[in-house]
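A short worksheet on the structure shown next.
The values are calculated or read from the model by the stated rules, or taken from the named source; none is laboratory data. None of the values given here were measured: they were computed from a predicted structure. Here Cβ is always computed from backbone atoms with ideal geometry, including for glycine, and neighbour counts include all displayed protein chains. The area values use the complete protein model at the heavy-atom level, side chains included, leaving out ligands, DNA and RNA. Shrake-Rupley method; radii C 1.70, N 1.55, O 1.52, S 1.80 Å.
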Amino acid sequence: MLNKPVLVESLIVFVIVLSVHAVVWDRYSWCAVALAVQAFYVQFKWDRLLQLGGAVFQFRTAANSGLLPASMVIPLLGIVMKERCKSAGIVYFERFGIVVASTGMLVALFLSVIAVGITKPVPTNTCILTGIAGSIIIYTMKHSLTVSEVIEVLEVLLIFVYLSMILLYLLPRCFTPGEALLVLGGISFVLNQLIKRSLNVIEGRGDPIDFFLLVAVVGVILLGLFFTVLFIYMDSGTWISSMFFHMMTAVLGLGVIMPWLYRLIQRNPLFWLLQFLFQTQTRVYLLVYWTFLAASACGVVFYQNAKRSSESKKHQASTITRKYFHFIVVATYVPGLIYDRQLLYVAAVLCLAVFIFLEYIRYFRIKPFGQTLRHLLSLFLDERDSGPLILTHIYLLLGMSLPVWLFPRSCAPKGTLSGAGALVPYSGVLAVGVGDTIASVFGSTMGEIKWPGTKKTFEGTMTAIFAQIIAVALILIFDTSVNLNSSYAWILASVSLVSLLEAYTTQIDNLLLPLYLQIMFMA
């Protein structure tokens with residue numbers, strides 16, 4: 001049977017799903033509810049497979065499968081985006097939201113079918129539920145999508161299948177099935193969008209910063225796949241391999257990624273980037289400020305490693321120490337959200353590319369910094385870093401950045417949505433930077449009453465909710481573009497549900513919580 005924390009986590013997700021569709025009920029709501037019901041049952045099959053070691057790939061073992069919460073993220077994002085753009089009269093992005101929702105449902109359904117297919121004996125009731133959910137989804141897609149949109153959805157599914165087979169084989173124990181669905185599903189969608197836009201370039205159409213995000217994400221992923229295959233046949237820790245790594249990075253960057261970006265934005269990418277970064281005096285001040293914060297974060301890493309004595313080599317950084325980085329990230333993002341969101345958008349893309357590239361250097365032991373990075377970062381490992389990659393800091397950056405990247409700017413006439421939607425770019429700051437941080441700090445230091453079946457405390461969750469409400473009040477004071485239009489009850493309910501999800505989920509909360517808070521705010 002499912003254990004109590006999984007049941008409570010599932011209940012919270014169902015409440016979120018029903019709350020969203022109480023506001024935006026349409027034909028896709030039936031699909032989402034059917035998907036949620038079948039994902040709940042299939043989640044049990046995945047958990048059993050993980051416990052018995054019967055899954056095809058090696059998944060992260062310190063957590064449940066997380067299929068239900070992960071399955072609902074992309075469909076709900078597409079549905080709320082469709083409704084926002086429909087109300088704004090932007091037909092192109094309304095259709096885009098439908099494609100996102102359909103893609104998310106089909107990819108989640110595919111993962112469910114895999115679990116049912118490899119479960120022995122075959123679970124008859126779960127098969128029937130999966131068949132019913134699949135029939136509802138396919139019937140709705142048939143009557144909602146054009147032929148080109150159906151092809152696009154199938155393209156993303158095909159990319160997801162191949163990416164899953166490659167990355168889950170190369171990166172054992174890095175993901176749960178739910179995390180793999182979110183991460184690989186997102187990468188598949190980005191790759192498909194980049195291919196589609198590269199084949200249909202129209203001069204002057206499209207925002208360069210959107211193209212910059214697509215090319216940067218796909219570029220660093222392809223770079224990693226290339227070197228992973230290459231270093232199967234040669235030792236990556238030698239000086240010759242390291243020299244080859246740096247040379248090929250330069251060749252691929254200047255010979256493939258730069259021309260690709262040039263084709264999309266129709267100008268020199270380096271000149272465009274420099275002009276963009278130093279366009280105004282405010283941007284210069286923000287860049288100087290962020291450089292100082294980055295140096296402070298590096299200082300924390302060096303200081304904590306200096307404290308590690310030779311007698312305590314197995315010593316790990318405490319929860320409070322790791323939350324220093326959350327405070328630094330909040331201090332980084334809030335000024336960017338208030339003064340220049342486009343700069344924050346581009347800076348977050350650059351940081352993501354740098355973080356992933358440094359992880360390649362650490363993972364492949366590329367000289368001269370690979371071994372040093374291994375030593376420095378080993379202090380901050382926790383149970384979620386059970387695979388060969390260290391991903392928690394990348395998830396933190398993604399959790400803070402995704403609400404900024406996914407904010408539907410074209411559907412916001414004055415650069416901001418109405419009501420609770422005005423807080424969408426702040427979802428990462430509230431859920432991870434404030435809520436998760438305060439819950440961990442206060443829960444670990446003063447918490448006494450534990451939520452049943454978890455290590456999280458009632459005091460930590462209540463303090464997190466209170467802290468997020470205070471943060472919303474401060475945002476209202478300092479960011480004049482935010483106008484909540486008396487949607488305070490919805491904001492309180494959204495913050496409370498996501499904080500309860502933080503208490504019960506065993507998935508990567510840095511990634512999951514901001515997306516659910518964004519969905520609630522956009523609804």
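Among the numbered criteria (1) of a type outside the set (Phe, Trp, Tyr); (2) at pLDDT 85 or above; (3) open to solvent by 30 Å² or more (accessible area, probe 1.4 Å); (4) out of contact with any Lys or Arg (no Cβ under 8 Å at 6 or more places or on another chain), which single criterion is violated by Glu94?
(4)
Can you pull out the residues in segment 178-237 that are more than 23 Å from Gly253 (Cβ to Cβ), at pLDDT below 85 and among the aliphatic types (A, V, I, L, M)?
Answer for segment 178-237, where residues must be more than 23 Å from Gly253 (Cβ to Cβ), at pLDDT below 85 and among the aliphatic types (A, V, I, L, M): just Ile202.
How many residues does segment 295-324 contain that are under 27 Å from Ile187 (Cβ atoms) and modelled with pLDDT under 85? Steps first, please.
Step one: list which residues in segment 295-324 are under 27 Å from Ile187 (Cβ atoms), which gives 297, 322.
Applying the additional criterion that residues be modelled with pLDDT under 85 yields 322.
Residues in segment 295-324 being under 27 Å from Ile187 (Cβ atoms) and modelled with pLDDT under 85: 1 in total.
List every residue pair whose Cβ atoms sit under 9 Å apart, with the two residues 6 or more apart in sequence or on different chains, where the first one lies in segment 101-116 and is among the aromatic types (Phe, Trp, Tyr) and the second, anywhere, is surrounded by fewer than 24 Cβ atoms within 10 Å (Cβ to Cβ).
Phe110/Leu157; Phe110/Val161
Identify, please: which residue in segment 61-98 is assigned to a loop (DSSP other than H, G, I, E, B) and of a type in the set (Val, Ile, Thr) and is, among those, farthest from the chain's Cα centre (by Cα)? Step through it out loud before you land on a result.
So in segment 61-98, the residues assigned to a loop (DSSP other than H, G, I, E, B) come out as 61-66, 89-90.
This time we only want the ones that are of a type in the set (Val, Ile, Thr), so: 61, 90.
Details: Thr61: 20, Ile90: 26 Å.
So the residue we want is Ile90.
Looking at Ser71, is it in contact (Cβ under 8 Å) with a residue 24 or more places away in the chain, hydroxyl-bearing (Ser, Thr, Tyr) and surrounded by fewer than 24 Cβ atoms within 10 Å (Cβ to Cβ)?
On the way: in contact (Cβ under 8 Å) with a residue 24 or more places away in the chain: yes; hydroxyl-bearing (Ser, Thr, Tyr): yes; surrounded by fewer than 24 Cβ atoms within 10 Å (Cβ to Cβ): no.
No, not satisfied.
When you go through Pro425, Pro368 one by one, which is the residue that is farther than 30 Å from Ser486 by Cβ and touching a residue at least 60 places away in the same chain (Cβ under 8 Å)? Full working, then the answer.
Numbers: Pro425 fails: farther than 30 Å from Ser486 by Cβ.
On inspection, the qualifying residue turns out to be Pro368.
Using beta carbons and a limit of 6 Å, which pairs, at least six apart or on different chains, have the first residue in segment 461-484 and free of Cβ contacts under 8 Å to residues at least 60 places away in the same chain and the second one of a type outside the set (Val, Ile, Thr) and open to solvent by 60 Å² or more (accessible area, probe 1.4 Å)?
Thr463/Phe442
For segment 255-267, does any single residue satisfy the condition of being small (Gly, Ala, Ser), within 30 Å of Pro208 (Cα to Cα), surrounded by 12 or more Cβ atoms within 10 Å (Cβ to Cβ) and at pLDDT 85 or above? Walk me through how you get there before you give the answer.
Residues of segment 255-267 that are small (Gly, Ala, Ser), as a first pass: 255.
Pick out the ones that are also within 30 Å of Pro208 (Cα to Cα) and you get 255.
With the extra rule that they be surrounded by 12 or more Cβ atoms within 10 Å (Cβ to Cβ), the set shrinks to none.
No: zero hits.
Could you tell me which numbered condition Ser236 fails, if it satisfies all but one of (1) over 29 Å from Arg197 (Cβ atoms); (2) touching a residue at least 60 places away in the same chain (Cβ under 8 Å); (3) open to solvent by 20 Å² or more (accessible area, probe 1.4 Å); (4) touching a helix residue (DSSP H, G or I) at 6+ places or on another chain (Cβ under 7 Å)?
Unmet condition: (3).
Among (1) under 25 Å from Thr505 (Cα atoms); (2) modelled with pLDDT of 80 or more; (3) open to solvent by 10 Å² or more (accessible area, probe 1.4 Å), which single condition is Val56 missing?
Just one mismatch for Val56, condition (2).
Kindly provide the set of residues from segment 423-455 that are of a type in the set (Ser, Thr, Tyr) and surrounded by fewer than 24 Cβ atoms within 10 Å (Cβ to Cβ), ordered by number.
Result: Thr437, Ser440, Ser444, Thr445, Thr454.
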